[in-house]
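A.B. asks: Once you've had a glance at the structure underneath, I'll fire off some questions.
Since every read-out is calculated from the coordinates, none of them should be taken as a lab result. Source: prediction; values computed, not measured. Here the Cβ is made from the backbone with ideal geometry for all residues, glycine too, and neighbour counts use every protein chain on show.
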Amino acid sequence: MARETKPKRLNWRLVLAVTTLAVVTASTAIAAFRVRRFVISDAQFRLSRDRRDSLVLEGVKYASRAKILRAFAPDFNRSVFAAPLAARRRQLLAIDWVDDASVSRIWPDKLQVRIRERQPVAFVSLPSGVLLIDAHAVLLDPPPQAQFAYPVLSGVRETDTPLERRERVRTFLRVQDDMGYLMKDISEVDATDPDNVRVVAQVGNRAFHLLMGDTNFGRRYQNFLNHYSEIQKHSPAVRIFDLRLEDRITAKE
């Protein structure tokens, strides 16, 4: 005799929980949509072109303010919550002198831009003109009316690859780090040959071209200074000296 199969009972608790979750989710989505529509359309969140403090710029000294403002031109007279912050940051990073940048919203109607500018380490002289270069080998146009007291980095060419240019800068920075406070006397570093760096040193109101090799730059230059009076006595007309040998200073006629 076959058993009768009882019909399964409907789990009303589960149905109620699922229904409640669906209602809550839908309500949340509708509320979020209404909030977004409100902050996008309401005038109190609008980035005003007429207010100078609507776009707050921090850390800008040499970077072009005009280029920065152009990046945000599409956002004026629109809600600050409609501004694509990540896209604006990418635009800022493409501007000369900008090393890093951040963009944030300030309630209710402002945008804040923080800029970290590039730090030059030397001048470079190219056929196109005199430029500045930073520690990452990025070439920079000198800002109008700005004055810098950096040495010249020779050996950088317009045809250099980025890798070659970075190698020249790395050589320059090695010299700078090793020379320490003595770097104040150096007006030029020639990094064309990293195995034999040449520098121009200003000593006693005279310029000397010194062959420094590839290491111990500070010690070799200090040795030159220690024997400067003797050098002037024996070689008063010589302007080029080879400092690569640790036990002697060789005059180059």
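A.B. asks: Quick check: is even one residue across segment 225-238 more than 31 Å from the chain's Cα centre (by Cα), of a type in the set (Phe, Trp, Tyr) and assigned to a strand (DSSP E or B)? So that I can check it myself, show each step before the final result.
C.D. replies: Start the filter on segment 225-238 by keeping residues that are more than 31 Å from the chain's Cα centre (by Cα), which leaves 225-238.
Those left that are additionally of a type in the set (Phe, Trp, Tyr): 228.
In the following step, the residues that additionally are assigned to a strand (DSSP E or B) were identified as none.
Looking through segment 225-238, none of the residues is more than 31 Å from the chain's Cα centre (by Cα), of a type in the set (Phe, Trp, Tyr) and assigned to a strand (DSSP E or B).
A.B. asks: Go through 213, 180, 204 for me and flag whichever is surrounded by 14 or more Cβ atoms within 10 Å (Cβ to Cβ) and not aromatic (Phe, Trp, Tyr).
C.D. replies: Result: 213 is the single residue among 213, 180, 204 that is surrounded by 14 or more Cβ atoms within 10 Å (Cβ to Cβ) and not aromatic (Phe, Trp, Tyr).
A.B. asks: Output the number of the condition that residue 58 fails; it satisfies all remaining conditions of (1) loosely packed, with under 13 Cβ neighbours inside 10 Å; (2) without any contact (Cβ under 8 Å) to a residue 12 or more places away in the chain; (3) not polar (S, T, N, Q).
C.D. replies: Every condition holds for residue 58 apart from (2).
A.B. asks: What number of residues in segment 190-217 are in a loop (DSSP other than H, G, I, E, B) and touching a Ser or Thr at 6+ places or on another chain (Cβ under 7 Å)?
C.D. replies: 3
A.B. asks: What number of residues within segment 70-97 are aliphatic (A, V, I, L, M), farther than 26 Å from residue 44 by Cα and part of a loop (DSSP other than H, G, I, E, B)?
C.D. replies: 2
A.B. asks: Given the structure, is residue 248 part of a helix (DSSP H, G or I), of a type in the set (D, E, K, R) and more than 19 Å from residue 187 (Cβ to Cβ)?
C.D. replies: Spelling it out, it is not the case that residue 248 is part of a helix (DSSP H, G or I), of a type in the set (D, E, K, R) and more than 19 Å from residue 187 (Cβ to Cβ).
A.B. asks: Criterion first (touching a Phe, Trp or Tyr at 6+ places or on another chain (Cβ under 6 Å), assigned to a strand (DSSP E or B) and β-branched (Val, Ile, Thr)) does residue 175 satisfy it?
C.D. replies: no
A.B. asks: Among the residues of segment 98-149, which ones are loosely packed, with under 13 Cβ neighbours inside 10 Å and either touching a residue at least 60 places away in the same chain (Cβ under 8 Å) or not in a strand (DSSP E or B) (or both)?
C.D. replies: Within segment 98-149, 107, 119, 127, 128, 144, 145, 146, 147, 148, 149 meet the criteria.
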